[in-house]
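Here the structure comes first, spelled out in structure tokens, and everything after it is commentary.
The values are calculated or read from the model by the stated rules, or taken from the named source; none is laboratory data. Note that the structure is predicted; figures quoted are calculated from it, not measured. Methodologically, a virtual Cβ is constructed for each residue, glycine included, from the backbone with ideal geometry; neighbour enumeration extends over all protein chains shown. Accessible surface areas use protein heavy atoms only, side chains included; no ligands, DNA or RNA. Shrake-Rupley method; radii C 1.70, N 1.55, O 1.52, S 1.80 Å.
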Amino acid sequence: MIIGVPKESFPGERRVALVPAVVPTLKKAGHDVLVEAGAGAGAMFPDAAYVEKGARLASSRAEVFASADAVVQVLGHGANDKTGRADLPLLRRDQILIGFLRPLAVPETVQEIAVTGATAFAVEFVPRITRAQNMDALSAMTTVAGYKAVLLAADVLPRMFPMLMTAAGTILPARVLIVGAGVAGLQAIATARRLGAVVSAYDIRPATKEEVRSLGARFVELPLEAADAQDKGGYAKAQDEAFYQRQRELLARVVAESDVVITTAVVPGKKAPVLITKEMVAGMAPGSVIVDMAAERGGNCELTRAYETVVEHGVTIIGAVNLAGSLPHHASQMYARNITALFLHLVRSGAPALDVADEITRETLVTRGGEVVHPRVRDALKLPPLEAPDPQARP
Ligand code: NAD
């Protein structure tokens with residue numbers, strides 16, 4: 001197959017879906033890679049590096065879409081709410097499309113992709129199972145974001161992170177609180193620790209306690225028991241408002257004692273819970289910083305504005321969105337490995353004919369043959385369920 005890599009078109013996006021290093025892997029598996037000229041430039045992967053590894057260059061976006069059997073993107077239509085729609089007329093029936101599509105947040109855009117007849121896969125839906133770990137782009141991007149969130153906080157904080165004992169006196173270490181110890185939170189803990197901060201963390205899933213401690217942070221014990229904290233996939237379950245109210249009361253003191261708070265608490269498919277109220281912000285020392293990594297999902301802090309940095313009561317609140325995009329080189333390297341593994345898996349399991357008996361294929365497939373085929377996306381669109389698919393059906 002010819003795998004096409006268009007330049008990302010979301011304004012300011014510097015990542016690229018494939019990097020030169022994965023081209024030989026794809027070529028060895030019998031595929032060709034066609035890269036739009038300049039696609040990797042923002043991530044420091046020049047055209048010449050792709051050519052050296054055996055890729056071909058296309059002079060235009062239209063050429064990539066017209067020639068490719070499979071188009072791979074970072075932000076596809078849906079995830080790219082600025083310019084993604086312009087790609088729709090370029091897609092054709094049975095053409096494979098792989099990328100972030102935000103299928104549950106904006107399901108109507110999945111329907112628009114379906115109309116083109118393309119066979120689209122949403123990388124957000126890669127199941128969190130052991131054999132799909134190397135395809136889990138969401139975890140990869142979240143890891144990068146967790147690291148960057150700490151750097152943003154350190155940059156704005158008027159204090160240093162590490163403890164220093166100098167001739168000019170002793171500097172006390174910064175106190176960092178991480179709320180939500182999933183992929184982003186654990187990376188934030190590790191990064192803040194490397195910078196020398198004293199780190200505490202809290203998560204409603206008791207299973208995170210050991211992970212937090214193993215990274216050298218203190219687990220904040222709250223006398224608060226979530227009835228049913230975790231689903232069988234390992235994700236947090238939504239709690240009722242009384243629980244969140246109690247959590248806010250108990251967290252208030254820890255928040256007030258922290259110089260930096262990084263929040264990552266989300267519940268799949270739900271608006272992020274508000275865990276830091278404006279009163280709690282007012283209780284923090286002036287100069288403190290909150291980085292709200294749940295900003296795009298409504299925010300964990302009541303005062304967060306997504307994409308913006310606001311200062312309230314002397315506290316800087318960063319509405320962090322797309323932090324992975326701000327480290328395009330390594331984010332692209334990780335994404336490219338994930339996408340290559342996913343693509344090769346789909347091909348091994350029969351693409352362009354698709355083995356929907358395979359969990360990874362079935363879970364990531366969102367459109368095929370002009371239809372939205374993913375049950376959860378159909379549900380979000382209020383479409384009736386499709387009849388059980390034929391496991392070996394061609395797209
Ligand atoms: P996420 O991004 O959905 O949520 C971030 C964290 O916020 C979670 O740890 C969650 O428990 C926490 N949270 C939710 N509500 C909260 C509240 N009210 N207070 C405090 N914390 C709250 O989570 P994630 O990082 O995607 O990870 C979720 C799970 O998936 C974990 O069990 C993780 O180990 C697992 N996982 C598995 C794989 C794999 O097997 N391939 C890959 C990645 C993640």
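Tabulated results
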{"item": "First in the stretch 274-288 and within 13 Å of residue 303 (Cβ to Cβ) and not assigned by TED's automatic domain parsing to the domain that holds residue 301, second anywhere and at pLDDT 95 or above and within 16 Å of the ligand (Cβ to nearest atom), Cβ under 7 Å, 6 or more apart", "result": "none"}
{"item": "All positions within the stretch 249-267 that are assigned to a helix (DSSP H, G or I) and either open to solvent by less than 20 Å² (accessible area, probe 1.4 Å) or more than 15 Å from the ligand (Cβ to nearest atom) (or both)", "result": "251, 253, 254, 255, 256"}
{"item": "Single match in 155, 69 (criterion: surrounded by fewer than 24 Cβ atoms within 10 Å (Cβ to Cβ), among the charged types (D, E, K, R) and outside the structural domain of residue 187 (by TED's automatic domain parsing))", "result": "69"}
{"item": "Of the criteria (1) surrounded by 14 or more Cβ atoms within 10 Å (Cβ to Cβ); (2) assigned to a helix (DSSP H, G or I), which one residue 131 fails", "result": "(1)"}
{"item": "Odd one out for residue 177 among (1) open to solvent by less than 50 Å² (accessible area, probe 1.4 Å); (2) in a loop (DSSP other than H, G, I, E, B); (3) more than 19 Å from residue 139 (Cα to Cα); (4) of a type in the set (A, V, I, L, M)", "result": "(2)"}
{"item": "Residue that is farthest from the ligand (Cβ to nearest atom), among those in the stretch 117-163 that are among the hydroxyl-bearing types (Ser, Thr, Tyr) and touching a residue at least 60 places away in the same chain (Cβ under 8 Å)", "result": "119"}
{"item": "Sole residue being closer than 30 Å to residue 287 by Cα and under 26 Å from the mean Cα position of the chain (by Cα), chosen from 151, 97", "result": "151"}
